[in-house]
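Scroll down for the structure; my scribbles are underneath it.
The values are calculated or read from the model by the stated rules, or taken from the named source; none is laboratory data. Bear in mind that the values here come from a model prediction, so they are computed numbers and not experimental data. Here Cβ is always computed from backbone atoms with ideal geometry, including for glycine, and neighbour counts include all displayed protein chains.
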Amino acid sequence: MTALIMLAALAIGLVEGIPLGKQGQWKELAVMSILLGIAFLLVMGYYLGLPSPLVLMERLLEPVGKAIFK
Amino acid sequence: MLPFRSRKRKKPPEPELNQPLATEATPENQENPSLSSSLAENLTTLQSVFANCTDLVYRELKIGQEQVPALLLYMDGITDEKTVNQDILKSLVNIRYSNPEGSGFNNIGMIKSVFMEIGNITEISTIGEVVEGVLTGNVALLLEGDARVLKIGTKAPIGRIVSEPITDGVVRGPREGFTESLRTNTTLLRRKIKDPNLKLEKVVLGRTTKTEVNIAYLEGIANPKVVAEVKKRIALIDVDSVLESAYIEEMIEDKPFSIFPQIDHSERPDKIAAGILQGQVAIFTDGTPFVLIVPTMMLHFMQSSEDYYDRSIYASWIRVVRFLFLNFALLLPALYIAVTTFHQGLLPTALLINIAAARVGAPFPTIIEVLTMEVTFEALREAGIRLPKPVGQAVSIVGGLVIGEAAVQAGMVSPITVIVVALTGISSFCIPSYSFALAIRILRFGMIILASTFGLYGMLLGLLVMQAHLVSLRSFGVPYFAPLAPFNLKDMKDSVMRLPWWAMGERPRLTANNTNNNRQRQKFFLKPAPPDENG
Amino acid sequence: MAEKGIINTKQFVWMLFIIITPFAAMQIPGMLIMQAGRDAWLSVLSAWFLDVMLAIVYAYMGLRFPGENFVQYSITILGKYLGRVVGILFPLFFLLVCTLVLRSLSQVVDTVFLPLTPFNVILVTAFLVSALIGRKGIEVIARMTEILGPLYLLSIVTLSFLVLPSFHIARLKPQFDQGVAPFLVGTPLMLTSFGVCIIMAMYIPLCNRPENGFLGKLSAVSMGALVVCLVTALSVGIFGMEDAQYMTSPGLELAKMINFSNYIERVEMVWLLILVGSGILASSSMLWAFGQGLAQIVGLKSYQSLIYPGALISLVLSLISFPSGLQHTNFFHYTFPIMAAFVETGLELFLLMAALILHKRGTT
């Protein structure tokens, strides 16, 4: 799965990035690459056993939620 | 609504074509020399231009009392022989009048204004214009001592007579169809719309074919932005030949890679006239009976001109049936595959047992069966269209009856698959527009593949993507899927339903989107009612 | 110019409707019944009322800062740096909602339609299609909702009529038998899912008539509330409170009740198709809002190139965060409402206060 996600990130980067580069929209290209990098990091983190940000959020907020809701 | 999208070109258009042009003397690649006043010199130049053109006629004659040498130049066959003989030659020979100045400035003018018994005459003065004039069926009159030439219009009315169109057949409605001659076609239109606001603008396309193209619209009703956009896009076309309106269609459509046709065409004058009357712009091309009409919305492909000649209840019913079968044509094989392979629970038990019993012993999975049958059907269809009529019928008999029957009896395919494929084929004949039906035929295969991988969910994904594409299309600034989305209640009166004529007081908003808000088509409240007995 | 599309009020209504319903018609009724019991449908009504109150704030802010969405006006109000920090929370929230919606939709597709297909494949296709639609921009989304929205409403009303014979009003009684506490707890739960249509703040600047923002939202949320109210009331009235509260999707169970004289069964698939379609469309809107919001925070010229990367992040999140459906439901139940309440009401009220105190206004 990790490899597939990386492949997808690469494909998106090429398909979206090449036109951006051609039009000289470097800022767009940078933001897009950062987003792809985040996706990549998330997958790598999962691969290495780090918790996902949603899990962290859950740990933080779930006690509050459980206090309110049944 | 978005303003018109500008048509950006990635590279500036190449100034010259790669192909060699047919004649050396076209205005584009020579500096287009003016005519000289010596007839012999002009003759040599023209002879070199028209070398080896056997159909060109040089008729030398001497006119007037001074016996001024003159030359008539025309292409045999595309000019009207009768006009050349009876009107032009006769009037030239009959010149007994002597010009006081001999050969002078007035001569051509005199002939034009005093002697010639022809309506369509222009004076021209360059070799290029002479060549073009002669090639488009005019007679050129050259005179010794005058650097101008008379271009005398005598186009021969060749081509077939007006006959019933082969596509777009109707049960009730006019039986005339366009022909290959542009002028005949515009005449047919003029005879329907007798209004000076019906404008016909001439454009000549194709460096070699010099095809005349006319842009027809009703001024004051058509959207001036659309008219301007049509002209702009057509002006960008720089090709060597235009043999059919499809050449133009492919070069002016909005999304060239879309699977859906974005410009409608018809060979029915009444359909084109109706389109022009609701604000569309028609593009006539010489040499083809098919006239383009823009802007086109998807619903136009689902409408036949007969819808307007039947009573509105029947027309609406037929349209509903057509929409139902449009969905069948697109989805039926896919639905069959999805239901039988993935979601047997959707079927009533009795039907499920039937299908299962029919499939006993079938060697191939359903998807293979359906795909083979569909491809065979496509082949049969193609074979039936191209072959001569008697042979074509034989093909359809052999294909439809013999192969189908034999395949079922041999146990290669299950009978239900044959039913599904046949029903799909008939459904796709319910779509009035051939090109739209083609798009649906192609999409059907995509749907089959999606259904065989993801079942109903795959079909849903396919439909969503198709829908997103459909609503993103626009044809000359008009949303393609209108008036369904963006929804427009006023335009819905002529969409899936067709309201009676007395209820359609206004022209459609999207096509007749003109600046002066001239939308009213007729008097309102024309609904017929029995006479008021009290009054 | 990031988004050139213009939407009209009708489209605005359907877009909001499409966003509320798939979200609200799947797990939420089950959770709500668990929380509020027989008073669930009352909770829906009070949540509707509160959401309309909230809509006033959003509509007012949309008019106070004409032509700006909340990402932009949070920058206007709070300045370049703090404004960006606050503003980015909205796009991230939308990305999260997209993750949750598509994840639960794929779960339903997996159980109902394609039990043999791997779950991840379904998830990927759903993300792919919604990114594809989202990238085409707001006009395409708006026009598609114009087709799917009425279809959805029609299907759910038909569904209600068809199951009505099994409905027993006695099962809905008595109200408030355990005091008002369940009802009060149910209200915020419902409110947070109605509240997803704070995406209206992204749409208002693109409306051809921004002043209709409130009315549009009112009608959209009323239709949405009607749908959820029908589903909760009917499922309690038909299955009884005891059964309904443990259903993952009471609406689906309702649809399963339909059969036409025992001949055609499993019509729920057709209903689900519409539901899944609108869910995918809703997540396209979310992805679009994410791309648009992020592009405005960073100051990009175009947002289109951010849609696919956004969808990828969302996909990765939904793949790695929930090892099982139970965790997903738990997240939905306990964590999401807190966070949603914070973003939907807390942030916006904070922005309103700040705007009032700092006397900030949009430039006309």
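For region B:210-318, the helices (runs of 4 or more DSSP H) that sit wholly inside it and include 2 or more residues that are touching a residue at least 12 places away in the same chain (Cβ under 8 Å) and over 29 Å from B:V496 (Cα atoms) are B:224-235, B:245-252. Number of residues in region C:92-116 that are out of contact with any helix residue (DSSP H, G or I) (no Cβ under 7 Å at 6 or more places or on another chain) and over 20 Å from C:F23 (Cβ atoms) equals 2. Against the numbered list (1) out of contact with any His (no Cβ under 7 Å at 6 or more places or on another chain); (2) within 14 Å of chain C (Cβ to nearest Cβ), B:V398 comes up short only at (2). Here C:I7, C:I19, C:I33 are screened, and the one residue that is within 13 Å of chain A (Cβ to nearest Cβ), out of contact with any Gly (no Cβ under 8 Å at 6 or more places or on another chain) and either on the phi > 0 side of the Ramachandran plot or of a type outside the set (D, E, K, R) (or both) is C:I33. Restricting C:R143, C:R171 to those that are over 30 Å from C:K4 (Cβ atoms) and of a type in the set (K, R) reduces the list to C:R171. No other residue among C:L254, C:L230 is part of a helix (DSSP H, G or I) and surrounded by fewer than 24 Cβ atoms within 10 Å (Cβ to Cβ) apart from C:L230. Across region B:458-473, the qualifying residues are those that are closer than 17 Å to C:F113 by Cα and either more than 10 Å from every other protein chain (Cβ to nearest Cβ) or over 31 Å from the mean Cα position of the chain (by Cα) (or both), and the one among them that is surrounded by the most Cβ atoms within 10 Å (Cβ to Cβ) is B:G458. The residues on offer are C:G79, C:G67, and the sole one that is free of Cβ contacts under 8 Å to residues at least 60 places away in the same chain, at positive phi, away from chain B (no Cβ under 14 Å) and not acidic (D, E) is C:G79. Count of region C:123-137 residues, restricted to those that are under 25 Å from C:V267 (Cβ atoms), at the interface with another protein chain (Cβ under 7 Å from one of its Cβ atoms) and not polar (S, T, N, Q), is 1. Pairs linking a residue in region C:138-152 that is at the interface with chain B (Cβ under 7 Å from one of its Cβ atoms) to a residue that is of a type in the set (K, R), with Cβ atoms under 8 Å and 6 or more positions apart or on different chains, are C:E146/C:K10. Going by the conditions given, is C:G237 part of a helix (DSSP H, G or I), more than 26 Å from C:L92 (Cα to Cα), away from chain B (no Cβ under 14 Å) and in contact with a Lys or Arg (Cβ under 9 Å, 6 or more places away or on another chain)? Here the answer is yes, as C:G237 does meet what is asked. For region A:30-67, filtered to residues that are over 16 Å from the mean Cα position of the chain (by Cα) and surrounded by 15 or more Cβ atoms within 10 Å (Cβ to Cβ), the residue that is nearest to the other protein chains (Cβ to nearest Cβ) is A:G65.
Screening region B:477-494 for residues that are out of contact with any Lys or Arg (no Cβ under 7 Å at 6 or more places or on another chain), modelled with pLDDT of 85 or more and among the hydrophobic types (A, V, I, L, M, F, W, C) and picking the one that is surrounded by the most Cβ atoms within 10 Å (Cβ to Cβ) gives B:V478. Using the structure shown, decide if C:Q292 is part of a helix (DSSP H, G or I), under 15 Å from C:N69 (Cβ atoms) and touching an Asp or Glu at 6+ places or on another chain (Cβ under 8 Å). For C:Q292, the condition - part of a helix (DSSP H, G or I), under 15 Å from C:N69 (Cβ atoms) and touching an Asp or Glu at 6+ places or on another chain (Cβ under 8 Å) - is met. Among the candidates B:L326, B:L330, B:L387, the residue that is without any contact (Cβ under 8 Å) to a residue 24 or more places away in the chain and either out of contact with any Asp or Glu (no Cβ under 9 Å at 6 or more places or on another chain) or on the phi < 0 side of the Ramachandran plot (or both) is uniquely B:L387. All conditions in (1) crowded, with 20+ Cβ neighbours inside 10 Å; (2) of a type outside the set (V, I, T); (3) on the phi > 0 side of the Ramachandran plot hold for B:G173, with the sole exception of (1).
Of the helices (runs of 4 or more DSSP H) that lie entirely inside region B:359-457, those containing 3 or more residues that are of a type outside the set (V, I, T), under 29 Å from the mean Cα position of the chain (by Cα) and assigned by TED's automatic domain parsing to the domain that holds B:N327 span B:366-386, B:389-396, B:415-429. Return yes when A:G21 is under 26 Å from C:R135 (Cα atoms) and more than 7 Å from chain C (Cβ to nearest Cβ) and no when it is not. Judged against the criteria, A:G21 is a match. Among the residues of region C:108-118, at least one is more than 8 Å from chain B (Cβ to nearest Cβ), within 17 Å of the chain's Cα centre (by Cα) and closer than 15 Å to C:G279 by Cα.
Yes/no per residue for (1) of a type outside the set (F, W, Y); (2) out of contact with any Asp or Glu (no Cβ under 6 Å at 6 or more places or on another chain):
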| position | (1), (2) |
| --- | --- |
| C:S305 | yes, no |
| C:L315 | yes, yes |
| C:S321 | yes, yes |
| C:S324 | yes, yes |
| C:N330 | yes, yes |
| C:H333 | yes, yes |
| C:G346 | yes, yes |
| C:F350 | no, yes |
| C:M353 | yes, yes |
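Close contacts from region B:31-56, counting a first residue that is part of a loop (DSSP other than H, G, I, E, B) and a second that is loosely packed, with under 13 Cβ neighbours inside 10 Å, with Cβ to Cβ under 7 Å and a gap of 6+ residues or different chains, come to B:D55/B:G77. Would you confirm whether or not region C:264-281 contains a residue that is charged (D, E, K, R) and within 20 Å of C:L16 (Cβ to Cβ)? Scanning region C:264-281 turns up no residue that is charged (D, E, K, R) and within 20 Å of C:L16 (Cβ to Cβ). Just to be sure, is C:Q72 part of a helix (DSSP H, G or I), over 22 Å from C:Q296 (Cα atoms) and over 14 Å from the mean Cα position of the chain (by Cα)? Here the answer is no, as C:Q72 does not meet what is asked. Report, by residue number, each residue of region B:31-45 that is touching a helix residue (DSSP H, G or I) at 6+ places or on another chain (Cβ under 7 Å) and at pLDDT 85 or above. Within region B:31-45, just B:T45 meets the criteria.
No other residue among C:S305, C:S314, C:S318, C:S285 is closer than 20 Å to C:T21 by Cα, part of a helix (DSSP H, G or I) and at pLDDT 90 or above apart from C:S285. Residue count for region B:495-532 under the criterion of being crowded, with 18+ Cβ neighbours inside 10 Å and free of Cβ contacts under 8 Å to residues at least 40 places away in the same chain: the result is 1. Can you tell me which residues in region C:63-90 are buried (at least 24 other Cβ atoms within 10 Å of the Cβ) and either polar (S, T, N, Q) or under 24 Å from C:A131 (Cα atoms) (or both)? Residues satisfying the conditions are C:N69, C:F70, C:V71, C:S74, C:G87, C:F90. Only one entry of B:G345, B:G361 meets the criterion of being more than 28 Å from B:L299 (Cα to Cα) and in contact with a Leu (Cβ under 9 Å, 6 or more places away or on another chain), and that entry is B:G345.
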